[in-house]
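K.L.:
Sharing a structure, written as structure tokens. Questions coming.
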Amino acid sequence: MSQALPVPEDVGRLYDRFTASRDATSGVNMHFGYWDTPDSDVPLSDAADRLTDLVTDRLRVAQGSHVLDVGCGVGGPAVRIAGRTGARVTGISNSQEQISRANAFAASVDGVEFRHADATRMPFPPRSFDAAVAMESIFHMPDRAVVLDQICQALRPGGRLVLTDFVERAPIPVDKQPVVDRYLREFMMTLVRVDDYPPMLRLAGLRLVEILDISEHTMRQTFSQFSEQGEFGHSAMADIAEFGAVLVVAQKP
Ligand SMILES: C[S@@+](CC[C@H](N)C(=O)[O-])C[C@H]1O[C@@H](n2cnc3c(N)ncnc32)[C@H](O)[C@@H]1O
């Protein structure tokens, strides 16, 4: 697996272009869906909200809490987290276009704000947040360990981090490697293995609470619906079972 390291400024520009090309019908989520059963015909937008809710329920926050959303996209998850929990949410993205969209989307929502920032150089004082969420953003960052360390510093003791990430569940077959490499290159991502998470979290000062392999509930249906909608035209990815997704929960001691 040869993976070029993503450069945050380039990722920001990729999302500027990508966001500018989306209209109101594209929705307010930029992450995969979660389907309870493999034959479910729930649309991607609802399944994406379902994944946000699975993440939110693990944050253990309530009214009065302050949540950091790392790589907030156009604001859908942050607004949903605030609505479901009553917590305040601050989202950051390295795409100015996304921050403008997100702030417009949340203009009439209390307690939700977005700012342009690079998660590898977090602009917050230590212990600013009660919890953090990072949905499908950490794979765009040059070094997950650095971001986990930044998040740990931004959390108060006892605060939880809930993230979703893509993983190599098993060695990618040689004939499928070019498809995966192209996908990673085009979207400026790197891939880790599930086993990489426990030591990475430990090094960052975080305690592992849960790692859930959510691949069977997310990957195939999302890739299929993306290609039907003409987004992320990588239908071949739907058949690569070794390329999966995890939901990770950690806590600052
Ligand atoms: C696939 S989108 C997910 C967006 C959002 N979490 C969601 O679920 O709708 C990835 C997000 O990560 C953000 N991102 C990637 N690298 C980043 C970095 N170094 N600093 C801040 N945001 C970053 C992108 O700008 C984008 O908002």
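K.L.:
How many of the residues in region 14-62 are in a helix (DSSP H, G or I), among the small types (Gly, Ala, Ser) and under 15 Å from Gly75 (Cα atoms)?
P.N.:
The initial filter retains those residues of region 14-62 that are in a helix (DSSP H, G or I), namely 14-20, 24-26, 44-59.
Now restrict to residues that are among the small types (Gly, Ala, Ser): 20, 24, 26, 45, 47-48.
Still in the running and under 15 Å from Gly75 (Cα atoms): 20, 24, 26, 45, 48.
Number of matching residues: 5.
K.L.:
Take the residues of region 27-39 that are without any contact (Cβ under 8 Å) to a residue 60 or more places away in the chain and within 16 Å of the ligand (Cβ to nearest atom): which is nearest to Asn94 (Cα to Cα)? Before the answer, list the steps.
P.N.:
Within region 27-39, the first condition is being without any contact (Cβ under 8 Å) to a residue 60 or more places away in the chain, and the residues that meet it are 27, 29, 37, 39.
Applying the additional criterion that residues be within 16 Å of the ligand (Cβ to nearest atom) yields 27, 29.
Details: Gly27: 19, Asn29: 16 Å.
The residue in question is Asn29.
The rows are residues; the columns are (1) farther than 29 Å from Ser227 by Cβ; (2) charged (D, E, K, R); (3) at pLDDT 95 or above.
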site	(1), (2), (3)
Met30	no, no, no
Asp49	no, yes, yes
Ala82	yes, no, yes
Ala102	no, no, yes
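K.L.:
Cβ-Cβ under 6 Å, sequence separation 6+ or interchain: first residue in region 103-120 and within 15 Å of Gly71 (Cβ to Cβ) and within 15 Å of the ligand (Cβ to nearest atom), partner at pLDDT 95 or above and in a strand (DSSP E or B). Which pairs?
P.N.:
Correct list of pairs: Phe114/Gly91; Arg115/Ile92; Ala117/Ile92; Ala119/Val70.
K.L.:
Report the residue count in region 98-121 for those that are in a helix (DSSP H, G or I) and either among the basic types (Lys, Arg) or surrounded by fewer than 20 Cβ atoms within 10 Å (Cβ to Cβ) (or both). Step through it out loud before you land on a result.
P.N.:
Of the residues in region 98-121, the ones in a helix (DSSP H, G or I) are 98-105, 119-121.
Applying the additional criterion that residues be either among the basic types (Lys, Arg) or surrounded by fewer than 20 Cβ atoms within 10 Å (Cβ to Cβ) (or both) yields 100-101, 103-105, 120-121.
Qualifying residue count, region 98-121: 7.
K.L.:
Same structure again: For region 75-101, how many residues are within 11 Å of the ligand (Cβ to nearest atom), more than 16 Å from Leu51 (Cα to Cα) and within 17 Å of the chain's Cα centre (by Cα)?
P.N.:
So the answer is 7.
K.L.:
Taking the stated definitions as given, is Pro199 away from the ligand (no atom under 16 Å from the Cβ), in contact (Cβ under 8 Å) with a residue 12 or more places away in the chain and surrounded by fewer than 16 Cβ atoms within 10 Å (Cβ to Cβ)? Give the steps one after another, and end with the answer.
P.N.:
Values: away from the ligand (no atom under 16 Å from the Cβ): yes; in contact (Cβ under 8 Å) with a residue 12 or more places away in the chain: no; surrounded by fewer than 16 Cβ atoms within 10 Å (Cβ to Cβ): yes.
No; evaluated as a whole, the condition is false for this residue.
K.L.:
Of all residues being of a type in the set (Ser, Thr, Tyr) and either within 12 Å of the ligand (Cβ to nearest atom) or closer than 22 Å to Val246 by Cα (or both) in region 40-74, which is nearest to the chain's Cα centre (by Cα)? Just the residue, please.
P.N.:
In the first step, residues of region 40-74 are kept if they are of a type in the set (Ser, Thr, Tyr); the result is 40, 45, 52, 56, 65.
Subsequent filtering for residues that are either within 12 Å of the ligand (Cβ to nearest atom) or closer than 22 Å to Val246 by Cα (or both) retains 40, 45, 52, 56.
Working: Ser40: 23, Ser45: 15, Thr52: 10, Thr56: 12 Å.
Per the stated criteria, the residue is Thr52.
The values are calculated or read from the model by the stated rules, or taken from the named source; none is laboratory data. Here the structure is a predicted model, which means the values were calculated and not measured. Counting neighbours? That spans all protein chains shown, and the Cβs are built from the backbone with ideal geometry, glycine included.
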